[in-house]
Amino acid sequence: NGIPSNGIFSSSIGAEEYSMRLQKAPPLRQISCNTKGTDDEFGVTEKNIKMLVVCPKGCLDEKIIPPIYGSEIYADISSICVSAIHSGIIGKKGGEIQFMFSDGKPEYKGTQGFGVMSLQLDSQIRSFSFVGSNSS
């Protein structure tokens, strides 16, 4: 039978072979401006698995801005949040980002983007890039 819940009414459809149950999603993981793709569980995350995290505001206000290497595709030793600002995915106010790891590149070129300078770097084993469009 249909039951009202939170202002929404479900309907009765009779017997079904399958059903589902919903539960509250876990809270998004907050990371710091200094968190790199090699830190914590990110260091062992497999390729092509989407990660969803929240970056704090003020990453560009720190005395020493964590370095990043590359442009659009970043070496995994880069700061995740500063890379997201550099690519335009988030602004200085921080926010939610989605990224995933991939194979490394033979070279990472340094570029200027959204007030952040990335550095050039030689070959690395692993990279990350962002999923979605930029905030510009």
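The values are calculated or read from the model by the stated rules, or taken from the named source; none is laboratory data. A quick note: this is a predicted structure, and the numbers were derived from the prediction, not measured. As a convention, Cβ positions derive from the backbone with ideal geometry for all residues, glycine included, and neighbour counts pool all protein chains shown. Remember, those area values only see protein heavy atoms, side chains included, never the ligands or the DNA or RNA. Shrake-Rupley method; radii C 1.70, N 1.55, O 1.52, S 1.80 Å.
Quick notes
- Ordered from largest to smallest accessible area (heavy atoms of protein chains, 1.4 Å probe), the residues Lys47, Lys92 come out as Lys92, Lys47.
- Surface listing: Met100, Met20, Met117, Met51 arranged by accessible area from highest to lowest gives Met20, Met117, Met100, Met51, probe 1.4 Å.
- The modelled label-to-label distance for the pair Tyr18/Glu107, using points 7 Å beyond Cα in the direction of Cβ, is 5.0 nm.
- Longest exposed-site-free window of the chain, the sites being GluC sites (Glu not before Pro) in a DSSP loop that have at most 13 other C-beta atoms within 10 Å: 63-136
- Estimated at 0.36 nm per residue, the fully extended path between Val131 and Leu60 surpasses their Cα-Cα distance by 23.4 nm.
- Ordering of 30-38, 83-91 by packing is 83-91, 30-38, highest average first (other Cβ atoms within 10 Å, averaged per residue).
- Exposure rank, largest accessible area first [Ser123, Ser78; 1.4 Å]: Ser123, Ser78
- In this entry, the chain is assigned a mean projected area of 11.6 nm², taken as a quarter of its C-alpha convex hull surface.
- Set Lys47/Lys105; Lys36/Lys92; Lys24/Lys57 screened for pairs whose C-alpha atoms are more than 21 Å apart: Lys24/Lys57
- Summary value for the chain: 23 percent relative contact order, contacts being C-alpha pairs under 8 angstrom separated by 6+ residues.
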